[in-house]
Amino acid sequence: MNKIDLHTHSNYSDGTFSPKELVEYAKVKKLKAIAITDHDTIKGLEEGEAVAKEVGIEFINGVELSIGINSKEYHMLGLMFDRNTKDLENMLKTLQEHRIERNKEMVMLFKKNNINIEYQELQDLSQGSIITRAHFSQLLIKKGYAKSTKHCFERYLSPNSKTYIKRNTFNAEHVIETIHKAQGISILAHPYRYKLNTSEIEELVVKLKNIGLDGIEAIYSSHNPNEESFLRNLSYKYNLKISGGSDFHGLNKPDIDLGVGFGKLNVPIDILEKLKL
Ligand code: AMP
Ligand code: MN
Ligand code: MN
Ligand code: MN
């Protein structure tokens, strides 16, 4: 029972646990290692690492970045990088600035559609963390504009909604290169969440492998055994590493628990050993 979790969010992005709470919870769940992979920020890592040291868990630096390919968005995890790298810092700063602009524009769109939310309200809610659509959803529900997260995303926050604006992303080459410059590895996150069939997933993986991708997240909360085994075979076929994690968001995704996902997730520690090779 040497389990780990290499995909988690703290309240520096859209999770509800502080890095300290997250790492302490990892200890409660008897995990041997945890990566915090917040969207577009590495601010929670220092605290996470310090607490991990106290409780005796291995801590892995992580981040989740969006990449754009032909106007579609995919997610890339950076793992095991050096936090103090200028190129990474600059990239994150730009991404955060893009987000702020986009979020302000979305607030204006909501107002135009007679939905009264203020940017300040999002800031109050997020308390200095990265503001994502998950925060919009929380606010809209709180103000009675939607009943549930699902309903809220369908109606207001998905790409075909009037009130949605796509975020600016960097291209895949630049993101992979920046992770490499920081001595980290790049992992294509949750390949089954992009509404692609298996041959399209393979195409995407090949495209990314050709520009330096290191691995794929074969083990993931929502993967069934067939999906996991398809991705394991892909990684074998293209000489890619395998990563795994739950995508824990605390109470923002209450069905997903740390380390175990929807209940059956199992990321053994040898996954981490191989990622280090
Ligand atoms: P953003 O990065 O601002 O575009 O927001 C993306 C975040 O919104 C994701 O990381 C999820 O936490 C959340 N999200 C996206 N789609 C959904 C959905 N259909 N249901 C619930 N949360 C979602
Ligand atoms: Mn998220
Ligand atoms: Mn993601
Ligand atoms: Mn994630």
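The values are calculated or read from the model by the stated rules, or taken from the named source; none is laboratory data. Model, not experiment: these values are computed from the prediction. For neighbour counting, all protein chains shown are included, and Cβ atoms are generated from backbone atoms with ideal geometry for every residue, glycine included. Heads up: the accessible areas ignore ligands, DNA and RNA and are worked out on the full protein's heavy atoms, side chains in. Shrake-Rupley method; radii C 1.70, N 1.55, O 1.52, S 1.80 Å.
By the equivalent-ellipsoid construction on the alpha carbon gyration tensor, the stretch 127-209 comes out with semi-axes of 31, 18, 11 Å, ordered largest to smallest. Of the trypsin sites (Lys or Arg not before Pro) in the stretch 10-109, the ones in a loop by DSSP (not H, G, I, E or B) with at most 11 other beta carbons within 10 Å are LYS30.
Using Cα pairs closer than 8 Å and at least 6 residues apart in sequence, work out the relative contact order for the stretch 80-218, in percent.
Details: 129 pairs, mean separation 39.4, N = 139.
Result for the stretch 80-218 is 28 percent.
Quick one: length gained pulling GLN127 to ASN160 fully straight, 0.36 nm per residue minus the C-alpha distance? Let's see the in-between values first.
Working: separation 33, 0.36 × 33 = 11.88 nm, distance 2.86 nm.
Separation in residues times 0.36 nm, less the Cα-Cα distance, equals 9.0 nm.
Couplings for the stretch 212-229, taken from phi via the Karplus curve 6.51 cos²θ - 1.76 cosθ + 1.60 with θ = phi - 60°, read x, 3, 9, x, 10, 7, 6, 9, 8, 2, 8, 6, 8, x, 5, 5, 4, 6 Hz in order; Gly and Pro are left as x.
Over the stretch 231-277, the Kirkwood radius and the radius of gyration, each from Cα atoms, give a ratio Rg/Rh of 1.07. Once you order the gyration tensor axes a ≥ b ≥ c over the Cα atoms, which shape class does the stretch 1-80 get: rounded for a/c under 1.5, otherwise prolate or oblate by comparing a/b with b/c? Judged from the Cα gyration tensor, the stretch 1-80 comes out prolate (a/c at least 1.5, a/b above b/c). Nearest 10 degrees is fine. How inclined is helix 172-181 to the longest principal axis of the chain, computing both from alpha carbons? Once rounded, the angle reads 60 degrees.
What's the carbon and sulfur percent of the chain's accessible surface, probe 1.4 angstrom, rounded to a whole number?
Working: 6540 of 13260 Å².
Answer for the chain is 49 percent, counting heavy atoms of protein chains only.
The tail of the calculated P(r) for the stretch 196-277, taken as Cα-Cα distances beyond 14 Å, holds 64 percent of the pairs.
Rounded to the nearest 20 debye, the dipole size of the stretch 92-222 about its Cα centre is 620 debye, using +1 on the Cβ of Lys and Arg and -1 on the Cβ of Asp and Glu. Normalised by the number of residues in the stretch 121-176, the mean separation of alpha-carbon contacts (under 8 Å, six or more apart) gives a relative contact order of 18 percent. Take GLU89: with every protein chain present and a 1.4 Å probe, its accessible area is about 90 Å². The stretch 165-184 and the stretch 191-237 have Cα centres lying 19 Å from one another.
Of the beta bridges DSSP finds with both residues in the stretch 176-277, what % are antiparallel, to the nearest 5?
Working: 1 of 8 bridges.
Percent antiparallel among DSSP bridges in the stretch 176-277 is about 10.
Are there GluC sites (Glu not before Pro) in the stretch 96-171 that DSSP puts in a loop and that have at most 15 other Cβ atoms within 10 Å, and which ones?
Numbers: sites: GLU97, GLU101, GLU105, GLU118, GLU121, GLU154; in loops: GLU118.
Qualifying residues, ordered by number: GLU118.
Beta bridges assigned by DSSP with both partners in the chain are antiparallel in approximately 45 percent of cases. The 3J(HN,Hα) values that the Karplus relation (6.51, -1.76, 1.60; θ = phi - 60°) gives for the stretch 111-125 are, in residue order, 4, 4, 8, 6, 10, 8, 10, 10, 4, 4, 5, 5, 5, 4, 5 Hz. Gly and Pro appear as x. Excluding same-chain neighbours fewer than eight residues apart, the aspartates and glutamates reachable from LYS162 by a Cα-Cα span under 16 Å are GLU105, GLU154. In the context of the full set of protein chains, residues of the chain present 48 Å² of accessible surface per residue (probe radius 1.4 Å, heavy atoms only).
Given a 1.4 Å probe and the protein chains as shown, THR94 ends up with an accessible area of around 50 Å². Mean separation of Cα pairs under 8 Å and 6 or more residues apart, divided by the residue count, gives the stretch 147-277 a relative contact order of 17 percent. Measuring how big the chain is from its alpha-carbon positions, Rg and Dmax come out at 18.1, 54 Å.
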